[in-house]
Amino acid sequence: MSVLSPVESYLQDFHQRQAGATSAAFGHLRARSSVAEYASSYAALAGCVPASAAPLTVLDLACGDGYLLKLLSDRQQSSLRLIGVDMSQGELDVARATLPKEVELLKERAQEMPIETGSVDCLLSHMAIMLMDDVEQVIKEVRRVLRPHGQFAIVVGRAFLLGEANQVLHKVLLPILREDASPLPFGDARTHTVEGWTELLSRDFEDLQFEDLDVDWEPNPDELWESLTETYTIDRLSEPAKARFREELLEALSGLQQSDGTIRTGWGVRLIRARAK
C-alpha cells in the first residue's frame, strides 16, 4: 500500500484495536425508511445483490470484519464470487477466521485496488466511503472495477444519534472537543448531503437513489456510553476528557430515560444506490 495519510493511519490503528466495532454497533439493529424495513443496514446492502443463478462478482469495499460478506456467503448462492477489500489487517484477520476460504480478502486502499477493470458486478460498502481521503479518486476506482451497468450500493452516515439524545450529546460534547481534540479531517464534506453525492456520482453513474434509514435502538445509558467509546470522535479524546464527558453525558441523558431506564435513540444512515454508466 501507499504511505498512509494521518486520517488513514488513525483509522488503521483504531480498527486494529477495535476490530468489529462497526458490525457490533449496526449488525443487530433493524433499519427502517419511509418505504421499507430491513433486518439491519447490512441486510439493506445485501438485498441489493440479486438472488440469481447467473455468475456475479461482488466486492465489499472496506469490508471490516466481514459481516456483510458473511450475510452473502450464508445465502449458499454458488454463483457468487465474493471479494473483500480493507486496509486494516486486524479487521481482515477477524474476517478470515469467520468466512469460507473461497472468499477473497485483500489488504488495500480504496484509491488503488488490484482488481481487474470491469470485473465486478456489484460493489457494496458499509459506513466507510464518507471517511475516505480523495473521495473523487475512490469513486473513479469504483467505476473502473465495475462492469458497465454494474450496481453500486453504499450505506453512509447521516446523523450521529437520533432524536433528543443527539441534541444532548452535542450540547455536552462540543465544549469538550474544543478544549481537548485536535482536528482530524475525515472525508469530503460533499458526502454529508444528497446534493454532494449527486455531484460526486453523476458523471460516471446513473439511476441514483437515496433512501434515508433510521437504525432504531433503545439502550440504557451505560450501553449507550460503551457504544460511543467505539466511535472515532470519542476514541480520540484524552482519558480525563472521556471521564468528564461520561459524567456530564450520563447526567444529561437521565431526563430522557423511559420507564424501563432505556433511551429511545439510534443511528441515522443513508442508503445510496446507482448504476455504472
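Throughout, read-outs are computed from the coordinates displayed, never taken from laboratory work. The structure displayed is predicted, hence computed values, not measured ones. Glycine also receives a Cβ, built like all others from the backbone with ideal geometry; neighbour counts cover every protein chain displayed.
Here is how the numbers come out for the structure above:
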read-out: Extreme residue, positive dipole direction of the chain, given options L200, L228, Y67 (C-beta unit charges); value: L200
read-out: q = 0.11 Å⁻¹: log10 I(q)/I(0) that the Debye formula gives for the chain, counting C-alpha atoms only; value: -0.64
read-out: Calculated FRET value between L4 and S79, using beta carbons and R₀ = 51 Å, to 0.05; value: 0.90
read-out: Reachable lysines from K277, criterion Cα separation under 23 angstrom, eight or more residues apart if same chain; value: K140
read-out: Global size of the stretch 63-147 as Cα Rg and Dmax, reported in angstrom; value: 12.6, 36
read-out: The stretch 94-240 - percent relative contact order, Cα under 8 Å, separation 6 or more; value: 23 percent
read-out: Ascending count of other beta-carbon atoms within 10 Å, so fewest first, for V3, V135; value: V3, V135
read-out: For the chain, calculated [θ]222 nm from helices alone, where every DSSP H run of n ≥ 4 adds -39500 (n - 2.57); value: -11000 deg cm²/dmol
read-out: For the stretch 1-118, alpha-carbon Rg and Dmax in angstrom; value: 14.9, 43
read-out: Reachable aspartates and glutamates, given that their alpha-carbon falls under 17 Å from the alpha-carbon of K242 and they are not under 8 places away in the same chain; value: E179, D180, D222, E223, E226, E230, E251
read-out: Residues of type lysines that K70 reaches as a straight line, Cα spacing below 20 Å, ignoring anything fewer than 8 places off in the same chain; value: K101, K107
read-out: Taking N as its residue count, the alpha carbon Rg of the stretch 95-225 over 2.2 N^0.38 Å; value: 1.29
read-out: Within the stretch 229-249: backbone nitrogen closer than 14 Å to the A24 label point (7 Å, Cα to C-beta); value: 229-232, 235
